[in-house]
Amino acid sequence: MRTQSDYLARGVSPLSGRDLVEFEHTLKDALRTHVSFDSYSLYFPESLPEGVGGPEPSYRQGAGELLLPLVLDDRLLGWFVARGVKLSAPKSAPRYLAGLARAELEKLALYKRGISDPLTGLCNRDHFLDLLEREIGLVDQSLQAGGSVAEGFTSGLGVITLDLDRFMWINERYGYKVGDAIVKETGRTMQRICPQHAVAARLIHDRFAVLLPDARPKACFQLAELIRSGISRLVHEDEVTGDAISLTASLGHVNYPQGMSGPQLGRDASERARILLRKANKAVSTAKHHGRNRVFGFSDILAKGGKILEVLPMERLSVSLGRDVDARVGLRFLILPPGPPRSVMAELTEEERLSGSTPAMHKGEAVLIEVQEDMAFAEILYPADPSLPIVAGDRLVAVAEESTPFDQEPTGESMAYKDEVTGLYAHKEFMARLSALRRGPERFGVALFKILAGADGFPRGYEKAMRARMGIVAELMEARTGKEALGGEFGLGSVAWFLPGLDGPGAGKLLREVVEDAGRRGLELAAGVGVYPYMSFTRADMLENSRKALEHALLLPAPRAAVFDSISLNISADRLYMQGDMFAAVEEYKLSLLADEDNVLARNSLGICYAQLGRAEQARTQFAEALRAAPDDIMALYNLGWISQRLEDVRRAREYFERCLSLDPAHIYSMLRLGALAEQARDMDEAEAWYLKAAALPGGEPLTMRHLARIAVGRGQKERARECLHLALNANHNDHQAMFLLAKLYLDSGEDPQIAEVLARQCSALAPEKDEYWDLLVRALEVQGKDEEARSAATRKMAG
């Protein structure tokens, strides 16, 4: 007859000391329902005796100390030590309580089994998505409404997914048992390579994922490369054939929030978690299409990951870029042969050799004219050489609007043709004419129109329907413009117009009239226009400015029409910031402020960028200017208080946080900051009062537990401190400051240096720049006599 333990033993990753630390709070609560105690600790002796059932529980009545062995599946995992215990049945109760502890461990083991993949021991897909959703919530929480610098600011997170190359062939050739062994070995490799704070999961079959908290794109790429390299060194020997099976994997990575487009950020956290996985998987597919055994970032797909799927009649192409990788109509691409440049070696003498690579052979240029969800259609603008035909499989590399080797001047003959349906010039012809026309007038505008709706219900005649609607836009524009104006197709559903002689107000009035008139005819439009001259922008910048104005218009209520201005620049800078390009965002915010020095959003955003770049004084200047322009702007007030505190200007910091609370009495982050200022002044009663007030507000408890624990430690209340820290880690299991405090608590109390070591390693991995974390790890190792590891950790600290 099988016992419950028999079923637990099958396919379950056994609980470890690290698991007990993670579940310590749960274990304590379960035991406390049966026996009261003043304090407790977990203890992991250096060596644990083996034997059926493990050691016996004991109760030291004089000391009021209860020792319960934590035994699961006849393995002693550690000890639970409770102090201040009074048992009415000192002889029989310990054994009963040990049984309760074992039952609780079995529940925890069942829970772990429920969140783990039975083959690899990694977490399963459902648990991975739950953790990813939770991390997304923490990132959102750290970014206060409006973008102020929040308490415990975290830059985001990264998701890496991987897929074994040609794994289906391995299963078919060697059998599924061999395939399972390879998957299991891949899981072990990932566990070995991934840092402790990362979460590795098996999603399905040979698809794996890694969640990397507080990670930027560079960190994701580096970890993905380590995993790829580790898997490529694996060789599995088939026992039947004796074949050595080499393995490779293709990996993709994406970051949050950088990898999300505007509308996607409005989805709930569960949807965003799945969108992130989908984007990482898209990067994996791109890596496979480009040769396998490589790493591709989602942000790189649009720039250099596109491929031609099919060459169509009338110089059209289908390509592998869609809305899912943020492709848009009008983007231009150079067409290159597939594969990397070929290496060339020339030997001059026995001792002298020259090496290089063949230059990129540009086959031509194409522009996207229709973008669908996961693919697009493009038009060949300029073929390069008849001896280099454009074929399926050719690569696409994005180019800037003005940086192409194929720019051509228009000829009168080439411009004689207009499309009969739209009444517009083709994209190639329009762009060539625009290049010449914009050199002449002292004042001009370039407008872009995008058809938002009106072609639905035409599954078989979609292009025909859209072109008819483009004709309506042309008709409305021609009725309002002179002969000098020029209209062209910018893509299927997009129209461009050159408008000589117009200034900003005139262009804005024209666009609003056209958008409103189109609406009365059942056609929903958005329109943006860039007008020259404007600030220091060149004539060639106007098309890109009109694109930014169109993005601005898409965020407006009807009528959706915008003239390129400070707000357009602000939206563009926000996009750069979300993509992680901090320095480009700074320059764009600066341009936004040159256009309108009272743009409070741009001031605050620029200040946040400066703060993250370590330029505290420049950040304070920007926040102060924002407050001058808007004295009641709570975002500027809080940011100014935060940066003043960072610059040790305590008086002003307190003043700004108190002003925040006068405007919003429930502003949690200001309460936390005031509590921190009180702590610095050694007024622990005032600090605790602020933290408790914040904890009583919705969403405040998880943010305050670490701070309350710090006060409890200062007062010698170890039990309360431990309770608060566990609550903090339950809310955010990557709170490295809470880990540090808990590790220090274990080490300073002399309870268990092994737990301190586990926690110190984890917080050092999460924040390797903090010397105090490494110092604590060195101490924990030295106390255990691990001198060699301690020296290695000290070296790592110095290297950092």
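Things worth noting here:
- Residue in segment 93-111 that is aromatic (Phe, Trp, Tyr) and in contact with an Asp or Glu (Cβ under 8 Å, 6 or more places away or on another chain) present: no
- Extreme residue, nearest to Val446 (Cα to Cα), among residues of segment 552-565 that are part of a helix (DSSP H, G or I) and open to solvent by 10 Å² or more (accessible area, probe 1.4 Å): His552
- Condition broken by Ser229, with the remaining ones in (1) open to solvent by 40 Å² or more (accessible area, probe 1.4 Å); (2) farther than 23 Å from Leu138 by Cβ satisfied: (1)
- Residues of segment 172-226 satisfying the condition of being of a type in the set (Asp, Glu), open to solvent by 50 Å² or more (accessible area, probe 1.4 Å) and touching a residue at least 12 places away in the same chain (Cβ under 8 Å): Asp180, Glu185, Asp214, Glu225
Each row is one residue, and each column tells you yes or no for (1) open to solvent by 20 Å² or more (accessible area, probe 1.4 Å); (2) touching a Lys or Arg at 6+ places or on another chain (Cβ under 8 Å); (3) assigned to a helix (DSSP H, G or I); (4) closer than 28 Å to Pro753 by Cβ.
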| position | (1), (2), (3), (4) |
| --- | --- |
| Asp29 | yes, no, yes, yes |
| Pro90 | yes, no, no, no |
| Ala103 | yes, no, yes, no |
| Thr120 | no, yes, no, no |
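- Residues satisfying the stated conditions in segment 368-383, i.e. part of a loop (DSSP other than H, G, I, E, B) and of a type in the set (A, V, I, L, M): Met375
- Output for segment 636-694, where each listed residue is aromatic (Phe, Trp, Tyr) and in contact (Cβ under 8 Å) with a residue 24 or more places away in the chain: Tyr638, Trp642, Tyr669
- Criterion (under 25 Å from Ile301 (Cβ atoms), at pLDDT below 80 and not basic (Lys, Arg)) met by exactly one of Ala416, Ala455, Ala392, Ala400: Ala400
- Scanning segment 512-543 for residues that are in contact (Cβ under 8 Å) with a residue 60 or more places away in the chain, part of a helix (DSSP H, G or I) and open to solvent by 30 Å² or more (accessible area, probe 1.4 Å) yields Arg539, Ala540.
- Whichever residue in segment 673-685 is charged (D, E, K, R) and part of a helix (DSSP H, G or I) and, among such residues, is surrounded by the fewest Cβ atoms within 10 Å (Cβ to Cβ): Asp685
- Looking across Ile571, Ile567, one residue alone is hydrophobic (A, V, I, L, M, F, W, C) and without any contact (Cβ under 8 Å) to a residue 24 or more places away in the chain. It is Ile571.
- With respect to being outside any helix (DSSP H, G or I) and more than 20 Å from Ser566 (Cβ to Cβ), Gly580 fits the description.
- Segment 179-200, residues that are more than 14 Å from Leu251 (Cα to Cα) and part of a strand (DSSP E or B): Val199
- When we screen Ser662, Ser644, Ser670 for residues that are surrounded by fewer than 18 Cβ atoms within 10 Å (Cβ to Cβ), small (Gly, Ala, Ser) and part of a helix (DSSP H, G or I), the only hit is Ser662.
- All of Thr358, Thr349 fail the test of being at pLDDT below 70 and either touching a helix residue (DSSP H, G or I) at 6+ places or on another chain (Cβ under 7 Å) or surrounded by 11 or more Cβ atoms within 10 Å (Cβ to Cβ) (or both), apart from Thr358.
- So Arg722, is it crowded, with 22+ Cβ neighbours inside 10 Å, of a type in the set (D, E, K, R) and farther than 18 Å from Tyr638 by Cβ: yes
- Put simply, of Val240, Val254 the only residue that is of a type in the set (A, V, I, L, M), within 14 Å of the chain's Cα centre (by Cα) and not in a helix (DSSP H, G or I) is Val254.
- Residue check for Ala496: assigned to a helix (DSSP H, G or I) and surrounded by 19 or more Cβ atoms within 10 Å (Cβ to Cβ): no
- Among the conditions (1) modelled with pLDDT under 85; (2) crowded, with 22+ Cβ neighbours inside 10 Å; (3) within 21 Å of Leu42 (Cα to Cα), Asn732 misses just one, which is (3).
- Candidate set: segment 747-778, residues that are within 16 Å of Glu24 (Cβ to Cβ) and in contact (Cβ under 8 Å) with a residue 40 or more places away in the chain; chosen: the one nearest to the chain's Cα centre (by Cα): Gln762
- Looking only at segment 508-527, residues that are of a type in the set (A, V, I, L, M) and out of contact with any helix residue (DSSP H, G or I) (no Cβ under 7 Å at 6 or more places or on another chain) come to 3 in all.
- Condition check for Pro341: modelled with pLDDT under 90 and either under 26 Å from Ala573 (Cβ atoms) or open to solvent by 50 Å² or more (accessible area, probe 1.4 Å) (or both): yes
- Here Arg615 meets each of (1) without any contact (Cβ under 8 Å) to a residue 12 or more places away in the chain; (2) open to solvent by less than 60 Å² (accessible area, probe 1.4 Å) with one exception, condition (2).
- Flag for Ala549 being modelled with pLDDT of 95 or more and within 17 Å of Leu591 (Cα to Cα): yes
- Scanning segment 273-294 for residues that are in a helix (DSSP H, G or I) and open to solvent by 20 Å² or more (accessible area, probe 1.4 Å) turns up Arg274, Arg278, Asn281, Lys282, Ser285, Lys288, His289.
The values are calculated or read from the model by the stated rules, or taken from the named source; none is laboratory data. A quick note: this is a predicted structure, and the numbers were derived from the prediction, not measured. So basically every Cβ, Gly included, is an ideal-geometry build from the backbone, and we count neighbours across all protein chains shown. Each accessible area value is taken on the protein alone, full model and side chains, heavy atoms only, with ligands, DNA and RNA left out. Shrake-Rupley method; radii C 1.70, N 1.55, O 1.52, S 1.80 Å.
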